[in-house]
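Before any comments, here is the structure.
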Amino acid sequence: MKQASASSRQPLKIRARVKKSLLLAVLGILSASSLILQQHMTQAVAAEQNQVATSSTWQNASFPVENFQAYSSPFGYRRSATGGSGWEFHRGLDFAAPQGSYIRNWWSGKVIKVSDRTACGTHIVVQSGDWEHTYCHMKGHVEAQGGNRYFIDREGGIQIWEGQYIDSGVRIGRIGMTGRTTGPHLHWGLKYANNYVDPALVLRAMYAQQSGRSLQSSAKIQ
(Lines give C-alpha, C1' and ligand atoms only; values in the text may rest on other atoms or scores of the structure.)
Protein backbone atom coordinates (compact mmCIF):
# COMPACT_ATOMS: atom_id res chain seq x y z
CA MET A 1 0.00 0.00 0.00
CA LYS A 2 1.34 3.41 -0.96
CA GLN A 3 1.87 6.07 1.70
CA ALA A 4 -0.08 9.31 1.22
CA SER A 5 2.13 12.11 -0.03
CA ALA A 6 2.67 15.33 1.95
CA SER A 7 0.74 17.23 -0.72
CA SER A 8 -2.30 14.92 -0.40
CA ARG A 9 -2.36 15.29 3.42
CA GLN A 10 -2.31 19.10 3.24
CA PRO A 11 -6.07 19.55 2.45
CA LEU A 12 -6.96 17.29 5.40
CA LYS A 13 -4.97 19.50 7.78
CA ILE A 14 -6.63 22.64 6.37
CA ARG A 15 -10.12 21.14 6.76
CA ALA A 16 -9.29 20.13 10.35
CA ARG A 17 -8.16 23.67 11.16
CA VAL A 18 -11.31 25.15 9.58
CA LYS A 19 -13.55 22.79 11.60
CA LYS A 20 -11.70 23.66 14.79
CA SER A 21 -12.02 27.40 14.08
CA LEU A 22 -15.75 27.05 13.36
CA LEU A 23 -16.27 25.05 16.55
CA LEU A 24 -14.44 27.66 18.65
CA ALA A 25 -16.47 30.43 16.99
CA VAL A 26 -19.76 28.66 17.78
CA LEU A 27 -18.69 28.04 21.38
CA GLY A 28 -17.71 31.70 21.69
CA ILE A 29 -21.10 32.85 20.40
CA LEU A 30 -22.94 30.49 22.77
CA SER A 31 -20.79 31.63 25.71
CA ALA A 32 -21.39 35.31 24.91
CA SER A 33 -25.13 34.72 24.52
CA SER A 34 -25.23 32.89 27.86
CA LEU A 35 -23.33 35.73 29.54
CA ILE A 36 -25.69 38.37 28.10
CA LEU A 37 -28.73 36.35 29.20
CA GLN A 38 -27.25 35.94 32.69
CA GLN A 39 -26.58 39.68 32.93
CA HIS A 40 -30.16 40.49 31.90
CA MET A 41 -31.53 38.01 34.45
CA THR A 42 -29.29 39.46 37.17
CA GLN A 43 -30.44 43.00 36.34
CA ALA A 44 -34.08 41.90 36.38
CA VAL A 45 -33.69 40.22 39.77
CA ALA A 46 -31.88 43.28 41.19
CA ALA A 47 -34.66 45.57 39.93
CA GLU A 48 -37.29 43.33 41.54
CA GLN A 49 -35.37 43.22 44.82
CA ASN A 50 -35.00 46.99 44.84
CA GLN A 51 -38.74 47.41 44.30
CA VAL A 52 -39.46 45.06 47.22
CA ALA A 53 -37.03 46.94 49.47
CA THR A 54 -38.24 50.45 48.65
CA SER A 55 -41.96 49.63 48.72
CA SER A 56 -41.88 48.55 52.38
CA THR A 57 -42.07 50.73 55.49
CA TRP A 58 -39.01 50.56 57.75
CA GLN A 59 -39.68 53.29 60.30
CA ASN A 60 -39.43 50.87 63.24
CA ALA A 61 -36.62 48.70 61.88
CA SER A 62 -33.32 48.37 63.79
CA PHE A 63 -29.72 48.21 62.62
CA PRO A 64 -28.65 44.65 63.56
CA VAL A 65 -25.14 45.16 65.03
CA GLU A 66 -23.74 47.15 67.96
CA ASN A 67 -20.08 48.26 67.76
CA PHE A 68 -20.28 47.98 63.97
CA GLN A 69 -16.91 48.28 62.20
CA ALA A 70 -17.41 47.57 58.50
CA TYR A 71 -19.33 45.65 55.85
CA SER A 72 -16.89 42.82 55.23
CA SER A 73 -18.62 40.87 52.44
CA PRO A 74 -21.56 41.92 50.22
CA PHE A 75 -24.43 39.92 48.77
CA GLY A 76 -23.64 38.07 45.52
CA TYR A 77 -20.85 36.04 43.92
CA ARG A 78 -17.44 36.07 45.57
CA ARG A 79 -14.26 34.02 45.83
CA SER A 80 -14.44 31.22 48.39
CA ALA A 81 -14.20 32.80 51.84
CA THR A 82 -12.24 29.88 53.28
CA GLY A 83 -9.36 29.79 50.81
CA GLY A 84 -10.79 27.77 47.92
CA SER A 85 -10.11 28.74 44.30
CA GLY A 86 -13.75 28.59 43.20
CA TRP A 87 -16.60 31.09 43.30
CA GLU A 88 -19.63 30.91 45.58
CA PHE A 89 -22.86 32.85 45.96
CA HIS A 90 -22.97 34.75 49.25
CA ARG A 91 -26.64 34.91 50.32
CA GLY A 92 -26.34 37.73 52.81
CA LEU A 93 -24.42 40.75 54.08
CA ASP A 94 -21.54 40.43 56.57
CA PHE A 95 -21.04 42.94 59.40
CA ALA A 96 -17.60 42.96 61.04
CA ALA A 97 -17.60 43.74 64.76
CA PRO A 98 -15.57 42.75 67.85
CA GLN A 99 -16.38 39.39 69.37
CA GLY A 100 -19.04 39.71 72.05
CA SER A 101 -20.72 42.74 70.45
CA TYR A 102 -24.50 42.48 70.73
CA ILE A 103 -26.79 41.71 67.81
CA ARG A 104 -30.24 43.31 67.65
CA ASN A 105 -33.40 41.99 66.03
CA TRP A 106 -33.98 43.92 62.81
CA TRP A 107 -37.77 43.59 62.63
CA SER A 108 -40.45 42.35 65.04
CA GLY A 109 -41.41 38.74 64.46
CA LYS A 110 -41.54 35.12 65.54
CA VAL A 111 -38.48 32.90 65.98
CA ILE A 112 -39.06 29.96 63.65
CA LYS A 113 -35.68 28.23 63.99
CA VAL A 114 -32.66 27.95 66.28
CA SER A 115 -29.68 25.80 65.25
CA ASP A 116 -25.96 25.28 65.77
CA ARG A 117 -25.11 22.42 63.38
CA THR A 118 -24.55 24.02 59.98
CA ALA A 119 -22.02 26.28 58.23
CA CYS A 120 -24.10 29.15 59.61
CA GLY A 121 -22.93 28.17 63.09
CA THR A 122 -25.13 29.10 66.01
CA HIS A 123 -28.00 31.01 64.45
CA ILE A 124 -31.63 31.99 64.69
CA VAL A 125 -34.24 32.68 62.02
CA VAL A 126 -37.05 35.21 62.57
CA GLN A 127 -40.26 35.42 60.51
CA SER A 128 -41.82 38.87 60.08
CA GLY A 129 -44.77 38.54 57.72
CA ASP A 130 -43.37 37.82 54.25
CA TRP A 131 -39.85 38.58 55.50
CA GLU A 132 -37.45 36.03 56.97
CA HIS A 133 -34.19 37.20 58.59
CA THR A 134 -31.30 34.97 59.64
CA TYR A 135 -28.46 35.76 62.09
CA CYS A 136 -25.38 33.51 61.80
CA HIS A 137 -22.07 32.79 63.60
CA MET A 138 -23.29 33.89 67.04
CA LYS A 139 -21.80 32.93 70.38
CA GLY A 140 -23.61 30.22 72.35
CA HIS A 141 -25.34 26.99 71.36
CA VAL A 142 -28.73 25.29 71.19
CA GLU A 143 -30.31 23.26 73.99
CA ALA A 144 -33.70 21.59 74.50
CA GLN A 145 -36.10 21.32 77.40
CA GLY A 146 -39.35 19.42 77.43
CA GLY A 147 -39.14 18.93 73.68
CA ASN A 148 -38.70 22.67 73.06
CA ARG A 149 -35.49 24.05 71.57
CA TYR A 150 -33.80 27.30 72.54
CA PHE A 151 -30.63 29.24 71.83
CA ILE A 152 -28.56 30.11 74.90
CA ASP A 153 -25.62 32.47 75.41
CA ARG A 154 -25.19 32.42 79.17
CA GLU A 155 -22.26 34.85 79.31
CA GLY A 156 -24.23 37.35 77.22
CA GLY A 157 -27.45 36.85 79.17
CA ILE A 158 -29.37 35.75 76.06
CA GLN A 159 -31.94 32.96 75.80
CA ILE A 160 -34.21 32.71 72.74
CA TRP A 161 -36.88 30.02 72.30
CA GLU A 162 -38.31 28.68 69.06
CA GLY A 163 -41.80 30.13 68.72
CA GLN A 164 -40.94 33.20 70.80
CA TYR A 165 -42.08 36.64 69.58
CA ILE A 166 -39.32 39.29 69.60
CA ASP A 167 -39.69 43.05 69.14
CA SER A 168 -37.52 45.12 66.83
CA GLY A 169 -34.27 46.30 68.41
CA VAL A 170 -34.16 43.63 71.13
CA ARG A 171 -30.75 42.03 71.78
CA ILE A 172 -30.88 38.48 70.41
CA GLY A 173 -27.24 37.35 70.51
CA ARG A 174 -23.58 38.31 70.29
CA ILE A 175 -20.95 38.33 67.55
CA GLY A 176 -19.00 35.07 67.55
CA MET A 177 -17.07 32.72 65.26
CA THR A 178 -19.20 29.60 65.19
CA GLY A 179 -19.69 27.68 61.95
CA ARG A 180 -17.80 28.42 58.70
CA THR A 181 -16.08 31.73 59.27
CA THR A 182 -12.62 33.29 59.16
CA GLY A 183 -13.25 36.12 61.62
CA PRO A 184 -15.81 37.59 64.03
CA HIS A 185 -18.83 38.90 62.16
CA LEU A 186 -22.58 38.63 61.71
CA HIS A 187 -23.84 37.05 58.50
CA TRP A 188 -27.29 38.57 58.00
CA GLY A 189 -29.55 36.93 55.44
CA LEU A 190 -32.91 38.24 54.20
CA LYS A 191 -35.70 36.53 52.29
CA TYR A 192 -38.96 37.98 50.97
CA ALA A 193 -41.67 35.47 49.97
CA ASN A 194 -38.96 32.77 50.25
CA ASN A 195 -36.63 34.55 47.78
CA TYR A 196 -33.27 35.96 48.83
CA VAL A 197 -32.97 39.76 48.84
CA ASP A 198 -29.79 41.85 49.00
CA PRO A 199 -29.78 43.24 52.59
CA ALA A 200 -27.90 46.36 51.40
CA LEU A 201 -30.95 47.39 49.35
CA VAL A 202 -33.15 47.09 52.42
CA LEU A 203 -30.73 49.07 54.59
CA ARG A 204 -30.56 51.86 52.01
CA ALA A 205 -34.35 52.06 51.86
CA MET A 206 -34.57 51.84 55.65
CA TYR A 207 -32.19 54.74 56.30
CA ALA A 208 -33.70 56.84 53.53
CA GLN A 209 -37.07 56.52 55.28
CA GLN A 210 -35.82 56.96 58.83
CA SER A 211 -33.43 59.87 58.45
CA GLY A 212 -32.38 60.35 54.85
CA ARG A 213 -28.95 58.89 55.58
CA SER A 214 -27.07 56.51 53.30
CA LEU A 215 -25.82 52.97 53.88
CA GLN A 216 -22.32 54.31 54.62
CA SER A 217 -23.60 56.34 57.60
CA SER A 218 -25.60 53.47 59.08
CA ALA A 219 -23.05 52.82 61.85
CA LYS A 220 -24.12 56.14 63.41
CA ILE A 221 -27.76 55.02 63.68
CA GLN A 222 -28.66 53.53 67.05
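The values are calculated or read from the model by the stated rules, or taken from the named source; none is laboratory data. Not measured: the values here are computed from a predicted model. Cβ sites come from the backbone with ideal geometry, for glycine too, and all protein chains shown count toward neighbours. Note: areas computed on protein heavy atoms with side chains; ligands, DNA, RNA excluded. Shrake-Rupley method; radii C 1.70, N 1.55, O 1.52, S 1.80 Å.
Calculated accessible area for region 90-145 comes out at 36 Å² per residue, all protein chains present (probe 1.4 Å; ligands, DNA, RNA ignored).
Full-extension gain between Y196 and Q159, please, as 0.36 nm times their residue separation minus the C-alpha to C-alpha distance. Kindly include the intermediate steps, with their values, before the conclusion.
Values: separation 37, 0.36 × 37 = 13.32 nm, distance 2.72 nm.
That works out to 10.6 nm of additional length.
Ordering 56-65, 200-209 by mean Cβ neighbour count within 10 Å, with the highest value first, yields 200-209, 56-65. Extension gain, E88 to E66, is 5.1 nm, computed as 0.36 nm per intervening residue step minus the present C-alpha separation.
Any chance you could run the full-extension gain for A119 through Q99? It's 0.36 nm times the residue separation minus the Cα-Cα distance, nm to one decimal. Here the segment from A119 to Q99 would lengthen by 5.4 nm.
Note on H141/Q210: beta-carbon distance plugged into 1/(1 + (r/R0)^6) with R0 of 30 Å gives a FRET efficiency of 0.30.
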